[in-house]
Structures are given as C-alpha cells and as structure tokens.
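The values are calculated or read from the model by the stated rules, or taken from the named source; none is laboratory data. What you see is a predicted model, and the numbers here were worked out from it, not measured in a lab. No Cβ is skipped: glycine too gets one built from the backbone with ideal geometry, and neighbour counts run over all protein chains shown. Note: areas computed on protein heavy atoms with side chains; ligands, DNA, RNA excluded. Shrake-Rupley method; radii C 1.70, N 1.55, O 1.52, S 1.80 Å.
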Amino acid sequence: MLAKIHSAALMGISGYMVDVEVDTSQGLPAFEIVGLPDNAVRESKERVRTAIKNSQFEFPSKRITVNLAPANTKKEGPAFDLPIAVGILVCMGIIKQQAVENTLILGELSLDGAVKCVDGVLPMVYSACERGIRRCFVPIENAREAAVVGGMEVVGISSLYEFIEICIGKRKAEVTEVDIDKLFEEGLNSGLDFSDVRGQESVKRALEIAAAGMHNIIMIGPPGSGKTMMAKRIPTILPDLTVNESIEITKIYSVAGLLRDRNALITQRPFRSPHHTISNVAMVGGGRVPKPGEVSLAHNGVLFLDELPEFSRGVLEELRQPLEDGEVTVSRVNGTMTFPANIMFVASMNPCPCGYYGYSDKCRCTSTQINKYMGKVSGPLLDRIDVQIEAAAVDYEDMQSSIKPESSADIKKRVVAAHEIQKQRYRDENIYFNSQLSAAQTEKYCHLGKAENELIKAAFERLNFSARAYHKLLKLARTIADLDGGGDINVRHIAEAIQLRNLDRRLLY
C-alpha cells in the first residue's frame, strides 16, 4: 500500500515542500529511506519503529520504503520522524489517507512516542501556506510559532498516540491561535531608557541622527564614558517593528533555534553584542550546512561590537559585504545561501591601547602604539561607517545635575517622524531609509545649493574624502534635514554632517 504525507524542509531561512511517500509490500522485513537523507534522517528509522511500538501498535513485518521527494535536495534534521510514522500508520490502515490530505505534518519523535519541537517551523509552515495547504500538525511547543501564519489551522500535538486519536475521531483537535496585537503590546517595555544617561549630549544627538536614517556609527572614547550603556539603548529610539519585519526576524531565529521559550514572535528589534573572540562563521554565518550568523540575527535591528580593535582582522573584514549590500551570501559544497543582514552597525573603541589618549596624567602610549592600535581596524571598514563620534569622559557636574535627561520616548518621536518622511519619499524606490540610497538616488534626493556645494567641496578637498565618504556625508545631511522637517539640505546640515566624521578629520592623531 502507498501513503503520501506532506512535510517540509529548510533551505537557508526559507522552507520548501517535501512529499513523504511510504510504501509497504510483501518480502523480507526491511526499512529503507531514500531521497538524499542525512544521518539524522536515516536514524529516524529506529526512532519511528520504537515510537510506534510504544504507542500500543505493532510495527509491520514488511518491506518498507520511504521516499523524500524531491530526491535531488539534501534532507536534514529530525522533523521527518512524525510524517514517516504517519505514512506507515496509513499503510497499516490505522489512519485513513483522507484524514491527512492537504495537511502539513512536522515533528521529531522520542522513543516513547512523544513529539518533540523542531527548528525552522515558521518558514516551513509559510511555504506550505503558499502552496495552498491550510492545516498543519506541529509539536505543541512550536504551535504558537506556527499560528502566526494567517489562514493556517494549527494543531499542536504532544505525542504520536494523541495524533492518531485526533485522526480517527476519538479526540477533538485543539486549534492554536495567537493575538499578534497582544504580542506586540507585551513586548514593548525593555526597561532601558536614555534618561539613564547623564551628559554626552553630542553623542546622544549623533545616535539620534544615526537611528533616524539607520546609519552605521562608531563611538570613540575612554573607558567609563558610557559607550556601551548608550549602545544598549539604541533599540528604544528605533521605530517599532512592523508585522512583516517581525515575521522576517522570527524566521531567522526559528531556523537558528533561538526562539526563547518558543515565543510566537520576536516583537522587539534585535540587539546582538557578540564577544570579540567570535569566529568568522559565527559572525556572518556558514558551517557545513549554512546557518545564519550574528549579522543576520541582528537583521532589522542593531549589531554592536564593543572594543572593535579586539576583534580579529578576518572577522571585521567579513563585515564589508553585509554593511554594503544588506545581506550575506555563503557558498558551500551543499549550496549557496543568502541571509538577510539589513542592520544598524554600532561599534565602540578606545582611542589608544590604555584608553586614556588625551589625558596626559593617565596615558603613556607612544604615537607608534596608538597608530598600531587604530590600524587594527582597516580603512575600508571605517569608510563604511557613516557616523564617527567622540565620547569624552563625563563631568562630575553632569552626574550630579538635577535636570533629568531626555527620555527615549521623546527622542523616538523625532526619529519616527523622520522615518515617516523617508517612507513617503522613497515609496516608489523599494528602499526605506536614507542610508540605503544608491549613488544615483543620492544625487536625485540630496539637492545642494551653491553655498552647500562650496562647503562640501572644501571638506572633500581638505579632508581627503573618498567617493563613498562623500556620498555618506550627503546621506547624513539628508537625515539631519529630515529631523528638521524634511526640507532642502542647507549649510547647517552639511556642517553638522562633517562634524560627525571624526576619523576623517583625524582628531585622534
């Protein structure tokens, strides 16, 4: 007898449909799985066999052949355990084929028949929904995640026996539903606020500009100046995630197996801060089977690298493509995967090895040591960072001031207003922020008058700007103008943008 069960697999952060075809026939007892299965799929034979026996059913003494179609793509992971078991039960006549028609089935089986959670459920359910499937059975721990997909009836199950009882009508299927609006309300308060930051008004202004245009930023200053503290508060001034952005981020975390407590959705912008000992693969993604790295896990959010020169040169150079293209392409023998990496890159560093450059009573670093330390970060990488701001030590008067600093909510209002201006301006351009402007689009949307042209020409010649730095300067000026209401770029906007390019002005040398 032949049974056909719908399942799914992953390719990058996208899902694709897999038909699990099970055939039982007379002959010497055997259990074969074909269709390019990996070791985890091959081992499912023993899990399926034992799970069926421990669910109070006799495993058939027949020749069993399982085909995972399409047969030309590698099948990986334990998510095929449940569909294979269901296919065998259909062939045995315990479950009718009609009971699992137009139904997606995913899940790993324990030896006692329990159904365990699997990674990547959200993109797999999405792919099934796009193919017209409107019902799915998934592990109970993955049910809320799968229920995010609109138009899909999601049934969470905890055991193979429970699944059988639902199919034969002995138990009513409990459909899982989630209230997306409620999820967003629950995830709004992070507990961090810019009102905690005393002093550093110039840095906070730079962070506001960076957030308004999603520009990359680096903060240079001595230890204890609040660089890390301010970086952690950047997500609190960014616009709230849209539903589509949230789903896109959740897909990445689902594939990576990082959904905490199997949450239905990631409702806050990601903030990733990897340690400086991170490897190349962990940063940009990869492995035998390419998986997303920190750059992709920060998609639509913030990637923060504290003490930038401490990261290995190779890791930092790997960031060039993501910062330029907004995506990561990983090529391996098993295929080429492209992961999204539309991030706001934030970095911090000390101005010298000891961290106290400019304080003669503390710093004993020689010019050679300082140049060597600064040289750990390559010019091409720094050229890709729009905002370069100095964070000076905080004064005692600022720490003891009775004036409460501006809150994140107040800053966020201005940032959101600037984002709305950009959203309307670029509605026909397939971009959302000033930082995403191409060279041609920069010329189109960053109009300069005679005075503005003269100022930027003087800066270009005197500060030896690269072509990339020139365009980034225009984009920064465009963002500053948007914070002022979205009018034309004027001399003040250009001047402030130049002040935000500290390393180009060589203030630290």
Fill in the blank from the handout: From the option list 394, 416, 377, single residue qualifying as farther than 17 Å from residue 226 by Cα, surrounded by fewer than 19 Cβ atoms within 10 Å (Cβ to Cβ) and of a type in the set (A, V, I, L, M) is 416
Practice task
Taking the options 77, 93, name whichever one is small (Gly, Ala, Ser) and touching a Leu at 6+ places or on another chain (Cβ under 9 Å).
Solution key: 77
Practice task
Scan (1) under 22 Å from residue 230 (Cα atoms); (2) without any contact (Cβ under 8 Å) to a residue 24 or more places away in the chain for the single condition residue 361 breaks and write down its number.
Solution key: (1)
Handout entry: Residue satisfying condition, being open to solvent by 60 Å² or more (accessible area, probe 1.4 Å) and either in contact (Cβ under 8 Å) with a residue 40 or more places away in the chain or on the phi < 0 side of the Ramachandran plot (or both), within set 440, 477
Key = 440
Problem - Index of the failed condition, residue 111 passing every other in (1) in contact with a Ser or Thr (Cβ under 6 Å, 6 or more places away or on another chain); (2) open to solvent by less than 10 Å² (accessible area, probe 1.4 Å); (3) in contact (Cβ under 8 Å) with a residue 60 or more places away in the chain - result: (2)
Handout entry: Matching option when the condition is in contact (Cβ under 8 Å) with a residue 60 or more places away in the chain, open to solvent by less than 10 Å² (accessible area, probe 1.4 Å) and in a loop (DSSP other than H, G, I, E, B), among 264, 231, 212
Key = 264
Fill in the blank from the handout: Only one of (1) closer than 30 Å to residue 329 by Cα; (2) of a type in the set (A, V, I, L, M, F, W, C); (3) not in a loop (DSSP other than H, G, I, E, B) does not apply to residue 89, and that is (1)
Practice task
Examine the stretch 182-190 for a residue that is exposed (fewer than 14 other Cβ atoms within 10 Å of the Cβ), free of Cβ contacts under 8 Å to residues at least 40 places away in the same chain, of a type outside the set (A, V, I, L, M, F, W, C) and under 28 Å from residue 93 (Cα atoms), and state whether such a residue exists.
Solution key: no
Problem - Some residue of the stretch 61-78 being aliphatic (A, V, I, L, M), open to solvent by less than 50 Å² (accessible area, probe 1.4 Å) and closer than 20 Å to residue 131 by Cβ - result: yes
Handout entry: Complete set of residues in the stretch 235-261 that are farther than 17 Å from residue 342 by Cα, open to solvent by 50 Å² or more (accessible area, probe 1.4 Å) and either touching a residue at least 24 places away in the same chain (Cβ under 8 Å) or hydroxyl-bearing (Ser, Thr, Tyr) (or both)
Key = 258
Problem - Test: residue 282 is in a helix (DSSP H, G or I), open to solvent by less than 60 Å² (accessible area, probe 1.4 Å) and under 27 Å from residue 267 (Cα atoms) - result: yes
